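The values are calculated or read from the model by the stated rules, or taken from the named source; none is laboratory data. Model, not experiment: these values are computed from the prediction. So basically every Cβ, Gly included, is an ideal-geometry build from the backbone, and we count neighbours across all protein chains shown. Note: areas computed on protein heavy atoms with side chains; ligands, DNA, RNA excluded. Shrake-Rupley method; radii C 1.70, N 1.55, O 1.52, S 1.80 Å.
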Amino acid sequence: MRARQDLLSRTALGVFRLNGQFLSVSEELARPAGLTAAWWQVIGAVLREPLPVAAIARAMGITRQSVQRIADLLAAKGLAEYVPNPAHRRAKLLRPTEAGRAAVARIGPGHAALATRLAEALGEDGFAETVRVLERLSAALDTLPPSPDAPPDAAA
């Protein structure tokens, strides 16, 4: 039992450290494009298709309120816009503007360079395996039922 707890603790601490590292690198990559890491994250979520704020939040595992605040800032800066949602009158869809797409495109070269450096450090197979392991961990966490002693709103 203790060995499993140690594995969970090491996993959590590793992911927390990775999160900090990715945020730091993302801030560096986004800055020349006039974005922050958080702005890039939200615009990136809607590059393929417009989404409501709640769907963006679910996909990213962050609060709807955080995404709403960033989406409103992006709209105010002309980097994204709200459009009608045919499936829901009140929950408008967020989509990038051409200026938002251009800003994300300016990140591309730095993003590609970082991907190359990581592939060189991990090896192609190691890089692909890292992705698979992180995706498996996330999927496993998604399937866990709420803890019996969790507060009622923790499952929401």
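Points to keep in mind about this one:
- Residues being under 18 Å from Leu79 (Cα atoms) and either part of a strand (DSSP E or B) or open to solvent by 30 Å² or more (accessible area, probe 1.4 Å) (or both) - total across the stretch 13-44: 11
- Verdict on Asp149 being open to solvent by 90 Å² or more (accessible area, probe 1.4 Å), assigned to a helix (DSSP H, G or I) and of a type in the set (Asp, Glu): no
- Test: residue in the stretch 88-98 that is over 27 Å from Ala33 (Cα atoms) and either at pLDDT 95 or above or of a type in the set (Lys, Arg) (or both): yes
- Residue in the stretch 86-95 that is free of Cβ contacts under 8 Å to residues at least 40 places away in the same chain and either buried (at least 16 other Cβ atoms within 10 Å of the Cβ) or among the aromatic types (Phe, Trp, Tyr) (or both) present: no
- If the condition is being open to solvent by 70 Å² or more (accessible area, probe 1.4 Å) and closer than 11 Å to Ala38 by Cα, then the stretch 66-81 contributes only Arg69.
- Screening Thr63, Thr130, Thr116, Thr143 for residues that are without any contact (Cβ under 8 Å) to a residue 40 or more places away in the chain, over 21 Å from Ser26 (Cβ atoms), of a type in the set (Val, Ile, Thr) and open to solvent by 30 Å² or more (accessible area, probe 1.4 Å) leaves exactly one candidate, Thr143.
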